[in-house]
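Below: the structure, in structure tokens.
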Amino acid sequence: MRVYSIGAVSVTVSGPTLSLRYPAANDVPRLFELGSDPAVTRFFSWGPYGSPDEPDAYVASLPARRERGDLLDFLIVHREDGPIGVTGISELSARDRRATVGSWIGKPWWGSGANFEAKALIAELAFESLGLHRLTAWANTRNGRSQTALERVGFHREGVLAAWHRHGDVYHDVVVFSLLRAAWERGPLRRVAAEVSGEPPSAFVVG
Ligand SMILES: CC(C)(COP(=O)(O)OP(=O)(O)OC[C@H]1O[C@@H](n2cnc3c(N)ncnc32)[C@H](O)[C@@H]1OP(=O)(O)O)[C@@H](O)C(=O)NCCC(=O)NCCS
């Protein structure tokens, strides 16, 4: 039997229509359904999922990755529709108080405002609970939708990094975006009512 959690406390973030919580074993079928869509994973190094074993291995890897400060991923759960995607924090530099945010949402919820609220919830956690000073986001130079979505929630376009991500044998240029604490404090995401409950993993708490 696979062990998914080692009894560590968890953290959740709640907003008006969405909440963020750790993915669990019984979320695997839904993750498989959502991540099997090639439109969703087109710009990722993984996917589309071909077997439930893939989201199963991903979910099983998360407790250890949270413990070591590698990846803090959350399921985005819609109040009525249930799980609709994933958002999370990675590439943490505790010294510099910065990390990267990444998200994906099932296609039926694109353009629904879910991305906006999910970004507000993860930003609340990042700046208020973890003490970060900067969030970075990457978007493939060909992923126009993601670039527009990031600017819409208040991220600032900084430039292009050549051959920054490798997917198989192919290197991809990415646009780098940032959201600094001061910009978040006066920006649109902060206006979303977001409540953090529980304790984030200590490896991610920097401030
Ligand atoms: C990226 C993602 C989370 C954004 O969420 P979203 O709900 O689609 O974002 P929004 O609707 O708020 O903003 C996207 C907007 O981009 C614009 N847009 C659409 N296609 C575009 C294109 N090719 N170029 C530029 N802008 C585009 C539109 O204005 C669109 O809004 P609209 O459909 O309401 O008119 C979601 O599309 C997703 O999960 N995509 C697949 C995974 C992914 O690419 N993740 C990001 C990795 S960096």
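The values are calculated or read from the model by the stated rules, or taken from the named source; none is laboratory data. This is a predicted model, so every value here is computed, not measured. Cβ placement follows ideal geometry from the backbone for every residue including glycine, while neighbour counts extend to all protein chains displayed. Heavy atoms of the whole protein, side chains included, go into the accessibility calculation; ligands, DNA and RNA do not. Shrake-Rupley method; radii C 1.70, N 1.55, O 1.52, S 1.80 Å.
Filtered by the rule that a residue be open to solvent by less than 50 Å² (accessible area, probe 1.4 Å) and either part of a helix (DSSP H, G or I) or within 13 Å of Ala203 (Cα to Cα) (or both), the range 71-93 gives Leu71, Leu72, Ile89, Ser90, Leu92, Ser93.
Looking at (1) surrounded by fewer than 17 Cβ atoms within 10 Å (Cβ to Cβ); (2) away from the ligand (no atom under 16 Å from the Cβ); (3) of a type in the set (Phe, Trp, Tyr), which is the one condition that is false for Trp164? In the conditions (1) surrounded by fewer than 17 Cβ atoms within 10 Å (Cβ to Cβ); (2) away from the ligand (no atom under 16 Å from the Cβ); (3) of a type in the set (Phe, Trp, Tyr), Trp164 misses (2) alone. Of the numbered criteria (1) under 26 Å from Arg142 (Cβ atoms); (2) assigned to a helix (DSSP H, G or I); (3) open to solvent by 60 Å² or more (accessible area, probe 1.4 Å), the one Pro29 fails is (1).
Taking the criterion of being basic (Lys, Arg) and either open to solvent by 40 Å² or more (accessible area, probe 1.4 Å) or out of contact with any strand residue (DSSP E or B) (no Cβ under 6 Å at 6 or more places or on another chain) (or both), the residues of the range 51-68 that qualify are Arg65, Arg68. Checking each residue in the range 33-54 for being more than 30 Å from Arg190 (Cα to Cα) and over 17 Å from the mean Cα position of the chain (by Cα) picks out Glu33, Ser36, Asp37, Pro38, Pro48, Tyr49, Gly50, Ser51, Pro52, Asp53, Glu54. Of the numbered criteria (1) in contact (Cβ under 8 Å) with a residue 40 or more places away in the chain; (2) of a type in the set (D, E, K, R); (3) over 30 Å from Arg68 (Cβ atoms), the one Arg186 fails is (1). For the range 124-147, filtering for residues that are assigned to a helix (DSSP H, G or I) and within 13 Å of the ligand (Cβ to nearest atom) leaves 4.
Of note, Asp96 satisfies the criterion of being away from the ligand (no atom under 16 Å from the Cβ) and either within 13 Å of the chain's Cα centre (by Cα) or open to solvent by 50 Å² or more (accessible area, probe 1.4 Å) (or both).
For the range 99-123, how many residues meet the condition of being small (Gly, Ala, Ser), assigned to a strand (DSSP E or B) and either over 17 Å from Gly15 (Cα atoms) or over 10 Å from the mean Cα position of the chain (by Cα) (or both)? Summing the residues that are small (Gly, Ala, Ser), assigned to a strand (DSSP E or B) and either over 17 Å from Gly15 (Cα atoms) or over 10 Å from the mean Cα position of the chain (by Cα) (or both) in the range 99-123 gives 2.
Among the criteria (1) touching a Phe, Trp or Tyr at 6+ places or on another chain (Cβ under 6 Å); (2) open to solvent by 30 Å² or more (accessible area, probe 1.4 Å), the one Val174 does not fulfil is (2).
Mind listing just one residue for me: the one in the range 16-26 that is away from the ligand (no atom under 15 Å from the Cβ) and assigned to a loop (DSSP other than H, G, I, E, B) and, of those, least open to solvent (accessible area, probe 1.4 Å)? Of everything passing the filter in the range 16-26, Pro23 is least open to solvent (accessible area, probe 1.4 Å). If you check Leu150, Leu179 for being part of a strand (DSSP E or B), within 20 Å of Ala126 (Cβ to Cβ) and open to solvent by less than 40 Å² (accessible area, probe 1.4 Å), only one passes: Leu179.
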